[in-house]
1. Straight-line reach from Lys468: which lysines fall under 27 Å, measuring Cα to Cα and dropping same-chain residues less than 8 apart?
2. For the chain, what is the calculated [θ] at 222 nm in deg cm²/dmol (nearest 500), taking -39500 (n - 2.57) for each run of four or more DSSP H residues and dividing by its residue count?
3. Compute the separation of the alpha-carbon centres of the range 297-328 and the range 208-257 and state it in Å as a whole number.
4. Choose one of Ala106, Val201, Leu128: the residue whose Cα lies farthest towards the positive end of the charge dipole of the chain (beta-carbon charges +1 Lys, Arg; -1 Asp, Glu; about the Cα centre).
5. Compute the helix-to-body angle for 86-111: its Cα long axis versus the longest principal axis of the chain, expressed 0 to 90° and rounded to tens.
6. Based on the alpha-carbon set only, what is the convex hull volume of the range 168-322 divided per residue, in Å³?
7. Treat each spin label as a single point 7 Å out from the Cα along the C-beta direction, and report the Lys80 to Leu397 distance in nm.
8. Calculate the dipole size of the range 37-183 relative to its Cα centre from +1 charges on Lys and Arg beta carbons and -1 charges on Asp and Glu beta carbons; express the result in debye to the nearest 20.
Amino acid sequence: MLFSRWLMLRRFSIYFWVVAVFVSSEALARYLGIRFATETLGTLYQFLDPTVLREDLARGLYYLHAQPPLFNFFLGVVVKMFPESYSVVFSALYGAMALGTLLGMAWLMRRFQIPDGVSGAVCLLFALSPGFPVYRHWLFYTLPVAFLLVSSAVALTVYLEKSSRAALVTFSGLVLAIMMTRSVFHPLWLVVAVAALAPLVHKRLERKKFLIACAVPLLMTNLLFLKNYVLVGTYSGSTWLGLSLTKRWPLSQREVAELKSQGKLPEFWQRRPFQEPDDYQRFGFFQNRTSGHPTLDAPYKSNGEPNFNHRDYAAISDALLEADTGLITSYPGRYARRVVTSTMLFLQPGPNSVHFLVDYDFERVHRYRDAWTQYVFLGGNVERPIRMLAPPANLWLVLFPVLLVVGARGRPRGPFVFMLVCIVWVGAVTNLIEIGENDRMRWEVEPFLAILFAFAVSRVLLFLRRLKRT
């Protein structure tokens, strides 16, 4: 009896530890002065007008084309159900997702035969790293995406181990939720993942079921793309590709003027394209300010913030995308500098792009982050405005490729292949397009990187143990 209780306690000890780790992270957040930031509900470009979220959610989601709809659906449901206490509800839900992410990491590490001591230490480091308490307390899709990715890896692992139909359906639903939340996870991401995973499903009948299950989220996502094409003429989950690709191109003002005079850049092209409607009005945009649904046709939201889901932003983005494509062809060296800079930002410990979006005092967080950057990652601080090739080097530059190599040798193959596809996809897509908030985008796959780090440590310890025996 005592032995069985001891076995039961040992079986669940890592999860008790993870709960304690989460509580420690919550205490750290309080010490650093972090509180749950819901003020972004009315200010972030990615969110629907707060009035639409409360009063006309269904139509608002239909007319939403700047972002996939699921996160705004989540916002609208909570705001409508808890109009007086939504901040508390959001915080509780984010706390559950943060704890769920840690528990999922621990569960996966157990499946990968990583010793509990290593798993527990990695979970502790991850939960006490600066990004975890910041993103856990920020109303944005960064933490939910990380949670969904970890959950999908858990479901995939169960399916590959047991051929469970419930696990396969869960995996299919989770990857659909990911693509409906974050436009970075394009249907091509799932195509690549399925192509890499399908050979690992050995039974022919099971492979067929796997392909059919993964075809469902592909179909649903393409229906979303088709809806956006009918609305604004862009076949995608987000109509901001041209806007994002335009940011911070390394061109001088003289070069930009010459390119505009030659007709190679539109007159409204500029290195900071997310300008307010009034700034674009002189170029013929945003002339009609009254007709149609406000989600699609109001230049400004009801609280005075710019409405970047206006149909004219889709037209602006398409024109900018065409111009950016020409720039990439004409100035491949400049584009390469931009991509290298983005990659260097992607590999900064961070968080470096949240402090100007929340209204609590970030001073203690900055000091804590700087200490981690200096003493753990042996790096320097990112200074804004960001200059090309200026982000300082740190251990991530070495650790990141090493972890990819470690992951390529991991067993069981299926979950490791999925994690690698996610990490490489996010790194490639965000750094080829985005420049500025790249470290935040890395954090969405950072739980996978932490797992790969734990796996690497466990292999090193195993090697040293074997070496000692000889």
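No value in this document is a laboratory result; all are computed from the given coordinates. Since we're looking at a predicted model, the values are computed, not measured. For neighbour counting, all protein chains shown are included, and Cβ atoms are generated from backbone atoms with ideal geometry for every residue, glycine included.
1. Once the sequence-local lysines are set aside, nothing remains near Lys468.
2. -21000 deg cm²/dmol
3. The distance from the Cα centre of the range 297-328 to that of the range 208-257 comes to 13 Å.
4. Of the options given, the answer is Val201.
5. On a 0 to 90 degree scale, this one is about 50.
6. 145 Å³
7. If labels sit at Lys80 and Leu397, their model points lie 5.0 nm apart.
8. So the magnitude is around 420 debye.
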